[in-house]
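Any read-out appearing in this document is the output of simple, stated calculations on the displayed coordinates, not a laboratory observation. This one's a predicted model, so the numbers in the text were calculated from it and none came from an experiment. Cβ atoms come from the backbone with ideal geometry, glycine included; neighbour counts cover every protein chain shown.
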Ligand SMILES: [Zn+2]
Ligand SMILES: [Zn+2]
């Protein structure tokens with residue numbers, strides 16, 4: 001298992017992450033001091049930012065908020081908000097879906113995290129800029145509404 005944790009990032013994925021660079025946030029707001037991935041607890045990710053702000057997301061939010069092109073397109077078609085869960089299937093024979101959690105979390109350079117989810121999905125690159133822009137704290141949620 002010498003390859004464990006190592007995953008190469010395609011040019012497409014790098015471009016996808018770079019697209020978020022246009023979001024204007026001060027450098028301190030998008031530079032993490034501490035990143036805690038609570039993988040064994042199955043809870044989520046916490047980031048302490050250099051500007052003193054703290055953010056936290058649970059894994060379900062992160063999975064539903066996957067920023068990859070496919071998920072973005074899916075959200076655009078269905079009108080689902082970033083991080084909002086897909087409607088539960090009405091099909092009684094639908095397979096039981098385990099709650100989302102990552103099998104692997106890999107840093108991408110110095111600017112992002114990549115998750116390999118337990119449903120097999122792994123194309124999303126969660127850049128610091130993206131994560132900060134979707135901070136779930138009350139203050140940020142309020143600010144985004146204005
Ligand atoms: Zn995705
Ligand atoms: Zn916040």
Checklist outcome for this item: Assertion target for 137, 68, ordered by fewest C-beta neighbours within 10 angstrom first, is 137, 68
Item to check | Longest to shortest principal axis, alpha-carbon extents of segment 45-146, angstrom | outcome: 48, 33, 22
Checklist entry - Could you give the length gained on full extension between residue 104 and residue 86, defined as 0.36 nm per residue of separation minus the Cα-Cα distance, in nm? => result 4.2 nm
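Sort 112-121, 51-60 by packing, meaning the average of other beta carbons within 10 Å per residue, with the highest value first.
Averaged packing, sorted descending, gives the order 112-121, 51-60.
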Checklist entry - Once you put a point 7 Å from the Cα of residue 73 and another 7 Å from the Cα of residue 145, both along the Cβ direction, what distance in nm separates them? => result 3.4 nm
Checklist entry - Order of 33, 131, 142, 25 from fewest to most other C-beta atoms within 10 Å? => result 142, 33, 25, 131
